[in-house]
1. Can you list the aspartates and glutamates whose alpha carbon sits under 16 Å from that of B:LYS194, skipping same-chain ones fewer than 8 residues off?
2. Counting only residues 5 or more places away or on other chains, whose amide H sits under 5 Å from the amide H of B:ALA289 once H atoms are built in the peptide plane?
3. Where does the protein assembly as shown land at 222 nm, in deg cm²/dmol rounded to the nearest 500, when only DSSP H runs of n ≥ 4 count, each adding -39500 (n - 2.57), divided by all residues?
4. Roughly how many Å is it from the Cα centre of region B:80-109 to that of region B:295-324, as a whole number?
5. At a 10 Å Cβ-Cβ cut-off, how would you order A:GLU96, B:GLU36, B:GLU168, A:GLU101, fewest neighbours first?
6. Could you grab the relative contact order for chain B? Cα pairs under 8 Å, six or more apart, rounded to a whole percent.
7. Report the Cα centroid-to-centroid distance between region A:19-40 and region B:26-40 in angstrom, as an integer.
8. What is the distance, in nm, between label points placed 7 Å from the Cα along the Cα-to-Cβ direction at A:GLU81 and at B:VAL207?
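Each reported figure results from applying straightforward, stated rules to the coordinates on display, with no laboratory input. Bear in mind that the values here come from a model prediction, so they are computed numbers and not experimental data. Positions of Cβ are backbone-derived with ideal geometry, glycine not excepted, and every protein chain shown enters the neighbour counts.
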Amino acid sequence: MQTHKAKRVDITIEKIMLSRLTDAIEKADVSGYSILPVFGGSGRSGAWTREDNIGRGDGMVQVVCIIKPGRLDALLDSAFEVVDRHIGVVTITDCEVLRAERF
Amino acid sequence: MDVFSLAAETLVTPIVLSFVLGLFAALVRSDLSIPEAVAKGMSLYLLFAIGFKGGVSLADHGNELTLGLTLLAGVLLSAIIPFVAYAVLRLMSGLNALDAAAVAGHYGSISIVTFVASTSVLESQGIMYDGYMVAVAAAMEAPAILSALWLVTRTKGGGTMEPGLWREIMLNGSIVLLIGAFLIGMITGEDGLKEIAPLVIAPFKGVLCLFLLDMGIIAGRGLRKGRGVLDAGAIAFGIVMPMIGAIFGLGAAVLLGIPLGSALLLMVLSASASYIAVPAAMRVALPEANQSVYLTLSLGVTFPFNLVIGIPLYLALATVAIGG
């Protein structure tokens, strides 16, 4: 089957920053993304789980974007303005999609 | 009844003991936990019930001048206490200016759960309080955040108050529900209360017990995780600062001439530290500040102190100063 090259960007960020990040992603003309809950983890601030959350901004979420390679720089520039000062992880991986016109 | 037996009596209640149970469970690493959605539901229920009852009370015994003055006092206390907290913290601990300012913001703001627990103590003691104190609680959430950001700007620069953040603070779900329920209670009055009394009155204390069980678990886990994050001076600050805040609250209450129950609530609001609204604001505005420090202090040290020792202590103080 014919496949097409794409980039997958995973941004794990504090939940409180989510709306700012999705605004930035949309500002880069990327309209498709998925938001996944993060149940817990461990980092420089130690281990945590969602069960310990009491506030609306507690915890982390992961935003996944799959885009055409040519749109990567614009997305990263826009997203970096939001994530720059905050804890989180940004990863970029090569992937392939079946329907290129959707990205 | 003397003030000491009054204070002792408030310690042995299902509410305080439920919290202690949760704290114990977390400290001994029991797997006891309250599902996230259940805790969220209980929180919504408690905010609605306390807001509604406050509104009904104001509808029946409204005093606009006292309400306005107490609101103003609450806003001023919330704005001023962070400066005191910052100075005390810098004196007592080795925290840097940024972390100290972030912590200070938490101590100017309030813990609505401590407030709710205090109303329950007052009701169990048959002490009346003014319904408008709910509005005072809501008004005291945000000014402290501005003070903390000003402290950061003054000391080292940084700390941004973007317009979106301001909207999020002022219109966060808890504030909207609390004030909304307060207004519904004020508009519908006693007739409205009669219609929904089985929901907002009868189960209130039982739900509060379960909610505080959950808070005990979270506070205990926070204490466990926060071990090593705080030095002895910072931990001492978490106990001393609420008492300083309570004295500020008592001073304001005496100046305003408000009755004992409301005075205790103003003391509790001044003594408590935020662990919901302010941490969220600090994560956006001051991401470089260490959240383990301010969360462990407000939730792991000050919240348990206020709930178990502070409330009865403040009640005893207020009884001496104002009379019961």
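1. List returned: B:ASP60.
2. none
3. On the way: 18 runs with 267 residues, N = 427.
Computed mean residue ellipticity for the protein assembly as shown: -20500 deg cm²/dmol.
4. 19 Å
5. On the way: A:GLU96 12, B:GLU36 16, B:GLU168 19, A:GLU101 6.
Sorted ascending by nearby Cβ count, the order is A:GLU101, A:GLU96, B:GLU36, B:GLU168.
6. On the way: 536 pairs, mean separation 108.8, N = 324.
Averaging sequence separation for qualifying contacts and normalising by length gives 34 percent for chain B.
7. Using only Cα atoms to place each centre, the spacing works out to 30 Å.
8. Modelled inter-label distance: 4.2 nm.
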